[in-house]
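S.K.: One structure, as structure tokens, below. Some questions next.
The values are calculated or read from the model by the stated rules, or taken from the named source; none is laboratory data. It should be emphasised that the depicted structure is a prediction, and the values quoted were computed from it without experimental measurement. Glycine also receives a Cβ, built like all others from the backbone with ideal geometry; neighbour counts cover every protein chain displayed.
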Amino acid sequence: MGKEDIRYAGRLTEWNDAKGYGFVEPNGGGDRAFVHIKAFGRLPRRPREGDLVSYKVARDAQQRANAVAVQLALATSKRAMPVASPRFPRKGFALAFAAALGVAWWLGKIPAFVIGFYGAMSVFAFCLYWRDKAAAQRGDWRTSEKALHFAAVFGGWPGALVAQDVFRHKSSKASFQIEFWSTVVINCAVMAWLVRGAMR
């Protein structure tokens, strides 16, 4: 059996329904593949980001992976579909942190430049996510995940959270989210240590 005959199980990690295409990644990790709405067979509904799918992989003239013969992994029983769990309030979490910084500054716990630094790094991180999302949709050169995490650990994580929510980008990739939240913990721990040291 050739590689082109192997069926993979994966998930739609990105999906632009307006344009009818996105990307799918195999379960357990591996190369992601471009997928177009025409690659699906008869659909009971439109695909959505996060959907489980099965598919085969074909290569185009530039040797890029394309998902073909794609099928949604939908339950065949007539039981009601489960209600999707609520999304994590990324924008709300970022706003709460910004409010906490404001209160800390008002109480004299942190200098004003700390708020400015977080703001500047958040804008920088937001722009990185925007650029990477646009590049993914065009099939252009991507921003590395290391660069995204670098911006987050140095104070840009609130902006990254907003970007993940606004662009629906990197929000459903488990391995990325584990590393991302590690950068949040590291940044907050370092900030707490610096503030505590300044108060002595």
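S.K.: Read through the list (1) among the aliphatic types (A, V, I, L, M); (2) in contact with a Leu (Cβ under 6 Å, 6 or more places away or on another chain); (3) buried (at least 20 other Cβ atoms within 10 Å of the Cβ), then give the number of the only condition that Ala160 fails.
M.R.: (2)
S.K.: Identify the residue in the stretch 102-131 that is surrounded by 14 or more Cβ atoms within 10 Å (Cβ to Cβ) and over 14 Å from Gly159 (Cα atoms) and, among all such residues, is modelled with the lowest pLDDT.
M.R.: The qualifying residue modelled with the lowest pLDDT is Lys109.
S.K.: Now for a separate question. Across the stretch 37-57, what is the number of residues that are outside any loop (DSSP other than H, G, I, E, B), in contact (Cβ under 8 Å) with a residue 24 or more places away in the chain and not polar (S, T, N, Q)?
M.R.: 7
S.K.: Also: May I ask you to list the residues in the stretch 164-200 that are closer than 30 Å to Trp15 by Cβ, of a type in the set (A, V, I, L, M, F, W, C) and surrounded by 14 or more Cβ atoms within 10 Å (Cβ to Cβ)?
M.R.: Val166, Phe167, Phe176, Phe180, Val184
Let's see how each residue does on (1) within 22 Å of Trp130 (Cα to Cα); (2) at pLDDT 85 or above:
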| site | (1), (2) |
| --- | --- |
| Phe176 | yes, yes |
| Ile186 | no, yes |
| Met191 | no, yes |
| Leu194 | no, no |
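S.K.: Residue by residue through the stretch 128-167, note down the ones that are in a helix (DSSP H, G or I), of a type outside the set (Gly, Ala, Ser) and over 30 Å from Gly102 (Cβ atoms).
M.R.: Selection gives Gln137, Arg138, Glu145, Lys146.
S.K.: Next question, about the same structure. Tell me, yes or no, whether the stretch 150-159 has at least one residue that is more than 17 Å from the chain's Cα centre (by Cα) and modelled with pLDDT of 90 or more.
M.R.: Within the stretch 150-159 (the criterion being more than 17 Å from the chain's Cα centre (by Cα) and modelled with pLDDT of 90 or more), the answer is yes, since at least one residue qualifies.
S.K.: Here's a check for you: in the stretch 19-43, which residue that is at pLDDT below 85 and either farther than 22 Å from Arg168 by Cβ or hydrophobic (A, V, I, L, M, F, W, C) (or both) is surrounded by the fewest Cβ atoms within 10 Å (Cβ to Cβ)?
M.R.: Arg42
S.K.: Let me ask you something else. For Lys173, work out the one condition from (1) without any contact (Cβ under 8 Å) to a residue 12 or more places away in the chain; (2) under 26 Å from Gly22 (Cα atoms); (3) among the basic types (Lys, Arg) it doesn't fulfil.
M.R.: Failing condition for Lys173: (1).
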